[in-house]
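Below is one structure, written out as structure tokens, with a few remarks after it.
The values are calculated or read from the model by the stated rules, or taken from the named source; none is laboratory data. Remember, it's a predicted structure, so these values are computed and weren't measured experimentally. When we count neighbours, we look across all protein chains shown, and the Cβ atoms used for this are built from the backbone with ideal geometry, even at glycine.
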Amino acid sequence: KPCQVEQLDRILLSGVYNVRKGKTQLHKWAERLVILCGTCLVVSSLKDSHAGKMHILPLVGGKVEEMKRRQYTLAFTSAGAQAQTYHVSFETLAEYQRWHRQASTVVSMRLSMVDLSCYSLEEVPEHLFYSQDIIYLNLRHNFMRSSGAGSLDSLCRFSQLKSLNLSHNRLGEFPVSLCEISTLTELNISCNGLCSLPSQIGKLLNLQTLWLDGNFLTSLPEEMGSLQQLSCLGLSFNNFCELPAICEKLILVDKLALAGNVLETLDLAVLNHMSHIKNVDLRLNNLKRAAADALEGNKSVTYMDLRDNQMTDLDLSSLGSLEQLHCERNKLKELTLSGFSLRALYANSNCLTAVNIYPVPGQLTCLELSHNQLQCVPDWACEAKKLEVLDVSHNLLVELPSRILSSLSLRKLMVGHNRLQRLPPLVEHIPLEVLDIQHNLLTKLPETLFVKALNLRYLNASANSLESLPSACTGEESLSMLQLLYLTNNNLTDQCIPVLVGHPRLRILHLANNHLQTFPASKLSKLEHLEELNLSGNKLKTIPTTVANCKLLHTLIAHSNEISIFPEILHLPRIQFVDLSCNELTEILIPEALPGALQELDLSGNTNLVLEHKTLDVFSHITTLKIDAKPSLTADSALSSTFWSHGVAEMAGQRNKLCVSSLALGSFAEGVEAVYGMFDGDKNEELPRLLQCTMADVLLEEVQQSDTMFMSNTFLVSHRKLGMAGQKLGSSAVLCYIRHDVADPASNFSLTVANVGTCQAILCRSGKPLPLSKVFSLEQCSEEAKRVKEQKAIITEDNKVNGVTCCTRMLGCTYLHPWILPKPHVNSIPLTVQDELLLIGNKALWEHLSYTEAISAVCHLHDPLAAAKKLCTLAQSYGCQDNVGAMVVCLNISEDSCTCEMHGLTLPGPGGFTSTTKPATPSSSSGIASEFSSELSASEVSSEVGSTASDEHNAVSLDSGLLQRQERRCSLHPVPPSSIFQRQPSSATFSSNQSDNGLDSDDEQPVEGVMTNGSKVEVEVDIHCCKGKGLEFEPLAAEYSSSAPGPEDDSGLVLVIRRQNSVNTVQRGVREKCELQKSLSTCCLYGKKLSNGSIVPLEESLNLIEVATEAPKKKTGYFAAPSQVEPEDQFVMPPDLEEEVKEQMKQHQGNGADQEQKEE
């Protein structure tokens, strides 16, 4: 492929020389940039080289000649009938010789490999046909034509061509002309919509590899039997309903690749006739049974993959040479195999109650039977002398045989999520290295566990009922090799701490959610190799000062304790992550210099903690600093907090970056509404942050336009708005919207949930989980797997679409359309008094926590932040090493939560606002709010406000200087929404089409409500009546002299409107800009206020991806995307009134300027 200029390894020579084009002297000499790159000569002007404009001259097969009429000059000529020539004049003899030597080498090169994939080509470049040395030609992902110049019919001109890749070219039919290329040994024609193969394919006698995957083939021609050199045949993801009989004649083919077809019966008798087949891949078919020939066995098949089928019983005892079997994700209840040659068995995620293998598999090394219904470990497994890995987790085991734990070959034992009450005692030394016994009913561990299992490096005993730990050594010196110890969610007390000293090599220690009250300083000082320590969810009051001896410690998690003194951890050289949230800290003693490795410090949830400005300055270099925000003072915020409150936790785990972002708006839009969401980019962090920035604004727009399809439209619009970032990157997403039912204002709240990918939302109703989402993945959604398979996507052996992602619906990944879709699953239910919690999490959370366990873990916690933290901690202790995110929303939807006036909440009466303190700026989810001076009358408002109201709202009159309001009601006792908006026409002197959602304004709808009355322009304006937020009209000077900041979530546009005769003008000069910048609630026009309080100038914020990248990492709140001004702002008026209006405007603008000069 052509490479970028920056790829210097392909640039052989370069310089600026005098160049003349053509063999004649008609062209003049000119100074040009000349580059010898790969096999081409690149010539461009100095100006155009930066813009990518250049002339490329292929040199392979061409000539490099000396020009005798001009000193130090070479003539470069390409090959072919339409050869081009460039003359290049060098300044010195040394340069001339160097270029001549290097170019001569390039010209004499034999070009054997050409990669032209993904170039949208319709024909092969003509100059390639002059190189008869091409052996490998890659034309994948193009639009090649079957006939015409340079088409597929011309490929036979390559006399030496051996390998040809034509996959993903939408051919529709197999090009018969390819059968004339007798030299071909490899042909890939996958994903071209082929329904049949021509009989002429039998002419390709030298063909060794043929890929036909991703087509619509149902049979193979008999002529293929003559391809006796064929050794690799790919038939996956076609429409075969039986094993092709022609494969019996292809004796060199050893792998039968038929994954993703429509086979319903595995005919073992047909396999018996194919004695050359050793590897059988039948994944993702519709297999329901296996038909065996009882009289004849198969001694050739050694590997079989039957994953993701529909079999209930499987008997492969006739396959005496079978070494490895994959049968995960079927519906198997019973499995019977031959043990003569069996080395590995993978039968996870079935309904197995019995596994029969005879004879005892003496060669078996790996046995995985997790997620089944086994009540005991099979006897033959206890007798397998070479068994190294045994996974029987997520079964119904009540007892573990002593022969298993005492096995002299077993190195990894996974028996978590069973019903074990005890483990058998150990008598002899065992080589066990990994032991996972989490989620059982154990009260103690074998006393000799650490003494006999000296090679044990990993132990996870979380989620049991352990009260003590066995001793690690019998003498003075411990021989323990234990490095990772997870003991979260047990009943351990301080008495277990001295035992930990017997494991001096511990690197990771999790003791969360136990009953620890102290951690002796002398014991912690001996754990010198400790790298990660998790003590959250206990009753610790301090962290010992001896933590300073743990020089290798990089992660300390101690949230949800009673710690009042900040631990001495800022002296540790490698400390990176510190979580001390939800404690009782009051102050922090900081050293003179912080460790350079410190990336995140979480101090949220410490209600008594006050940080001085000096301390904040010291912490300014930390990538992420989490502290409690100043509480919002708006009436809507107080009202919303009555019904719900939220907490968010995100942890990177063992990954270097956090690819999970959360959206949490407890007070959304203009009413008592809320929006919560979570976005998981898997391995990219750009898309989750971008969606965090913009999705709430898109939702607001769609809600105003549609009452039924707004959630689906929100996902589709957000998907489209991702632009270039969403072409190759993708993200799972879940969005939850709480509001009143528009059709029935007297009803309670309704919850609408939409999701794509693997992020999920769970509602706790009466203490039981109510799933609201659908997991869109190949493994967990059979309907989606069927759809993707029917659309001929290639699902790789790791169960990923085209090897990219396991998700079938995502935002982004547009290059994988139509296999990956952005259409969400939408679920809407009314909230009731029985609804207690709303849990939102990403894939990593729900993989390690069941719905029931998650609810039982946090239902008793009153602090949603502590609850979210606990969920993430549990997931990490249960084995999660990936990014994990959790959000907990505590719901309080009941009559006791009523906040309307008739139920005791005192608010200003309808006569006016009598508050003496300056209230905060009203909340506006679109990022725009309006503050008016005391001289403003409602009939004089003259600008287009960013938020649009529904036409269903009735008009409400406003007195001059005061806003009328009706009696304040709560969500349980609402009044008709007539007081929400005031819509009326007024004169305007300008029209501004701003994009409220921070996205491209080209996609905005035209401004509605623009009308004329024959003499002047009138714009229909929505005036927010503020709904009793306490907005008070004060003189302008008092308004801007106030230094009290507004709420963090509210970003507003302050419109300073002054009366000028009969027509109002909105002044946007430098003076207003300065006034705006004095208020922390201004951001949309002159700056963007992020959720951390900083202001980003508008001219630096037009790129959404840059804004998302510059945002603080692990940001849990919402920050708006920047507004982008429409470049073609203009009036909308009839042509016959245009001149009259312009003259009137000039007159009023002149009067306004004179009046302003007088005021100054």
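Worth a mention:
- The condition (being more than 23 Å from residue 878 (Cα to Cα), in contact with a Ser or Thr (Cβ under 9 Å, 6 or more places away or on another chain) and surrounded by 16 or more Cβ atoms within 10 Å (Cβ to Cβ)) is satisfied by just one residue among 390, 426: 426.
- Lone qualifier among 233, 220 - being aliphatic (A, V, I, L, M), in a loop (DSSP other than H, G, I, E, B) and at pLDDT 95 or above: 220
- Residues within the stretch 820-847 that are crowded, with 22+ Cβ neighbours inside 10 Å, outside any strand (DSSP E or B) and not hydrophobic (A, V, I, L, M, F, W, C), tallied: 4
- Scanning the stretch 169-180 for residues that are surrounded by fewer than 20 Cβ atoms within 10 Å (Cβ to Cβ) and in a loop (DSSP other than H, G, I, E, B) turns up 170, 172, 173.
- Residue check, residue 489 touching a Cys at 6+ places or on another chain (Cβ under 9 Å), farther than 14 Å from residue 456 by Cβ and surrounded by 15 or more Cβ atoms within 10 Å (Cβ to Cβ): no
- Against the criterion of being acidic (Asp, Glu) and either at pLDDT 95 or above or more than 30 Å from residue 641 (Cβ to Cβ) (or both), residue 680 qualifies.
- Residues of the stretch 769-806 that turn out to be assigned to a strand (DSSP E or B) and charged (D, E, K, R), as a count: 0
- Filtered residues of the stretch 638-680 (kept if touching a Pro at 6+ places or on another chain (Cβ under 7 Å) and surrounded by fewer than 24 Cβ atoms within 10 Å (Cβ to Cβ)): 645, 646, 659
Rundown of residues vs (1) of a type in the set (S, T, N, Q); (2) in contact with a Leu (Cβ under 9 Å, 6 or more places away or on another chain); (3) at pLDDT 90 or above, yes/no style:
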residue: 85; (1), (2), (3): yes, yes, yes
residue: 89; (1), (2), (3): yes, yes, yes
residue: 94; (1), (2), (3): no, no, yes
residue: 98; (1), (2), (3): no, yes, yes
residue: 108; (1), (2), (3): yes, no, no
residue: 111; (1), (2), (3): no, yes, no
residue: 114; (1), (2), (3): no, yes, no
residue: 126; (1), (2), (3): no, no, no
residue: 133; (1), (2), (3): no, yes, no
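- Applying the criterion of being β-branched (Val, Ile, Thr), out of contact with any Cys (no Cβ under 8 Å at 6 or more places or on another chain) and at pLDDT 90 or above to the residues of the stretch 695-740, the residue that is surrounded by the fewest Cβ atoms within 10 Å (Cβ to Cβ) is 717.
- A count restricted to the stretch 510-534 and to residues that are part of a strand (DSSP E or B) and surrounded by fewer than 22 Cβ atoms within 10 Å (Cβ to Cβ) stands at 1.
- Number of positions in the stretch 181-195 that are surrounded by fewer than 16 Cβ atoms within 10 Å (Cβ to Cβ) and over 23 Å from residue 252 (Cα atoms): 2
- Residue count for the stretch 238-278 under the criterion of being polar (S, T, N, Q), under 19 Å from residue 794 (Cα atoms) and not in a loop (DSSP other than H, G, I, E, B): the result is 0.
- Checking the stated criteria, residue 584 turns out to be surrounded by fewer than 22 Cβ atoms within 10 Å (Cβ to Cβ) and within 22 Å of residue 649 (Cβ to Cβ).
- Any strands (runs of 3 or more DSSP E) falling wholly within the stretch 562-626 and containing at least 1 residues that are touching a helix residue (DSSP H, G or I) at 6+ places or on another chain (Cβ under 7 Å) and aliphatic (A, V, I, L, M): 600-602, 624-626
- When 510, 571, 554 are checked against the criterion of being of a type outside the set (Val, Ile, Thr), more than 21 Å from residue 467 (Cβ to Cβ) and in contact (Cβ under 8 Å) with a residue 40 or more places away in the chain, a single residue qualifies: 554.
- Per the listing 262, 270, the residue uniquely surrounded by fewer than 20 Cβ atoms within 10 Å (Cβ to Cβ) and within 33 Å of the chain's Cα centre (by Cα) is 262.
- In the set 568, 592, only one residue is of a type in the set (Asp, Glu), at pLDDT below 95 and exposed (fewer than 15 other Cβ atoms within 10 Å of the Cβ); that residue is 592.
- Residues that are of a type in the set (Gly, Ala, Ser) and either without any contact (Cβ under 8 Å) to a residue 60 or more places away in the chain or touching a Gly at 6+ places or on another chain (Cβ under 9 Å) (or both), drawn from the stretch 110-156: 112, 120, 131, 146, 147, 148, 149, 150, 151, 154
- Residues (within 17 Å of residue 411 (Cα to Cα) and outside any loop (DSSP other than H, G, I, E, B)) located in the stretch 322-372: 344, 345, 366, 367, 368
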